[in-house]
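To start, the structure under review is shown below, and the notes come after it.
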Amino acid sequence: MNKYLHSLYAIFKSPDIKRKILVTAFIFFLFRLFAHIPLPGVDLAKMKELFSQNALLGLLDVFSGGTLVNFSIMAIGLNPYINSSIILQLLTTVFPKLEELSKEGEYGREKINQYTRFLTIPLAVVQSLGMYTLLQSQGVMGTLPPLYLLSMVITMTAGTILLMWLGELISEFGIGNGISVLIFGGIVGRLPVYLGQTASIVNGESLVNMIIFIALGFIVIAGIVLINEAVRRVPIQYAKRVRGNRTFGGSSTYLPLRLNQAGVIPIIFAVSIVLLPSFLGRFVERIPNPVISNIARQITASFQTDGFVYNGFYFILVIAFTFFYTAITFNPQKISTEIQKYGGFIPGIRPGASTASYLNFILTRVTLAGAVFLGLIAIFPAVMKQITGISSLTIGGTSILIVVSVVLETVKQLESQLVMKSYEGFLK
């Protein structure tokens with residue numbers, strides 16, 4: 001306990017870290033302020049009723065931090081930016097020039113981020129028009145004149161760009177990955193609302209179910225922390241090298257392979273994709289052709305959040321994106337080359353291609369365990385809804401995973417900055 005109190009005291013004693021915390025808090029304040037500035041022309045009472053009846057829209061509202069149900073200027077949130085990131089990462093594996101650019105260090109990352117921002121704008125325009133069409137079909141919004149529709153689309157697109165810029169400010173001047181931190185802030189900001197809704201429906205028999213739900217929630221949090229911190233240590237031995245009268249190397253270390261290399265990214269990507277069939281189905285339902293309309297209704301009915309098809313598709317997407325993101329961020333061939341370059345080797349494994357094959361063998365199995373865990377966490381709320389009958393917290397598993405993962409990453413960044421400050425003091 002004294003250790004944590006000492007760390008907390010050291011954080012607020014450091015002017016740089018304290019400034020980063022204050023910057024992040026101020027950007028949070030701006031985010032919550034903009035989340036309550038509504039766009040005109042929407043019946044908010046009907047809007048809230050629609051969202052309470054549609055679990056998919058409720059899930060999107062949680063990830064937007066309540067900006068969607070309020071139909072604020074940030075109504076579509078960070079979804080266009082997330083989708084743009086997915087597209088760019090997929091294109092990186094297809095086009096050699098983008099792949100080469102991604103390997104050019106800081107310059108390459110900046111260029112890819114720039115392309116991601118450019119692609120976000122047309123995606124935001126498309127999603128703004130899609131949101132307008134959806135709300136109009138549900139009777140929440142009337143038919144707007146072209147000029148008013150254009151102003152609404154421009155405002156919603158500008159809201160996404162503003163939110164994206166706030167995230168980048170957090171990354172540069174605040175604490176942690178700005179996009180993940182904003183998603184975290186949105187989920188935490190909506191948590192009191194969902195807890196209040198849950199408390200209002202709990203009585204008698206459901207109270208026991210609520211206690212079970214909370215107990216399992218703590219178990220899930222403990223499991224997330226355990227998986228996020230778990231690593232597979234691959235031993236690395238460095239041979240002795242003699243140069244003149246000096247001896248180098250001869251030490252041993254290990255290469256840590258995390259069970260969850262991708263963090264919370266697969267969940268965010270999967271949510272962006274798994275909601276598409278239902279939304280497309282709702283749009284196609286309006287087509288006069290009865291055959292196409294019936295197929296669209298069947299797709300919409302199959303992709304309900306408590307359905308087997310939806311949760312099965314969600315589970316597969318999470319696993320697929322976990323492997324995909326891990327393959328992008330961790331290259332066994334490159335790691336093997338770096339180990340060999342500095343005279344290292346894995347005991348019992350030949351340097352070069354054999355080392356890369358061995359690392360790929362371990363990474364695949366470690367990633368599989370982490371991916372299955374993420375997939376189970378993603379569909380866990382739907383299972384608990386069937387067991388306990390509590391529907392207002394069906395977004396709990398995904399939300400808890402994001403919140404806990406972001407908190408752990410933020411704590412690690414604070415600790416690393418404290419260590420850097422200690423070394424700076426030592427050098428001075």
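Just so it is clear, none of the values below were taken in a lab; they were calculated from the coordinates. Worth saying up front: this structure is predicted, and the values here are computed from it rather than measured. Cβ sites come from the backbone with ideal geometry, for glycine too, and all protein chains shown count toward neighbours.
Data overview
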item: In sequence order, calculated HN-Hα J values of segment 77-94 (Karplus, 6.51, -1.76, 1.60; Hz; x Gly/Pro); result: x, 9, 4, x, 5, 5, 4, 5, 4, 4, 4, 5, 5, 5, 5, 4, 7, 9
item: Protection proxy ranking of 26-35, 260-269, 313-322 - average other beta-carbon atoms within 10 Å, highest first; result: 260-269, 313-322, 26-35
item: Estimated FRET transfer efficiency (Ile349, Phe173; beta-carbon r; R0 60 Å; 0.05); result: 0.85
item: Backbone HN-Hα couplings from phi across segment 165-175 [Karplus 6.51/-1.76/1.60, Hz, Gly and Pro as x]; result: 5, 4, x, 5, 5, 5, 4, 8, 10, x, 10
item: Sites Glu229 and Gln136 - FRET efficiency at Förster radius 35 Å, r taken between beta-carbons, to 0.05; result: 0.15
item: Filter on Lys111/Lys334; Lys20/Lys334; Lys97/Lys334; Lys103/Lys341 - keep pairs with C-alpha separation over 27 Å; result: Lys20/Lys334
item: Phe26 versus Thr253: modelled label distance in nm, points set 7 Å from Cα along the beta carbon direction; result: 3.8
item: Spin-label pair Leu149/Glu99, simplified geometry with 7 Å Cα→Cβ offset, distance in nm; result: 4.3
item: Full-extension gain in nm, Lys341 to Val284, via 0.36 nm per residue minus C-alpha separation; result: 14.8 nm
item: Backbone HN-Hα couplings from phi across segment 258-268 [Karplus 6.51/-1.76/1.60, Hz, Gly and Pro as x]; result: 6, 5, 10, 5, 8, x, 9, 4, x, 5, 5
item: Ser72 long-range amide H proximity, modeled H, under 5 Å; result: Leu39
item: Interchain or long-range residues, amide H under 5 Å from Leu257's placed H; result: Arg232, Arg233, Val234
item: Long-range amide H partners of Met141 with built H, under 5 Å; result: Gln136
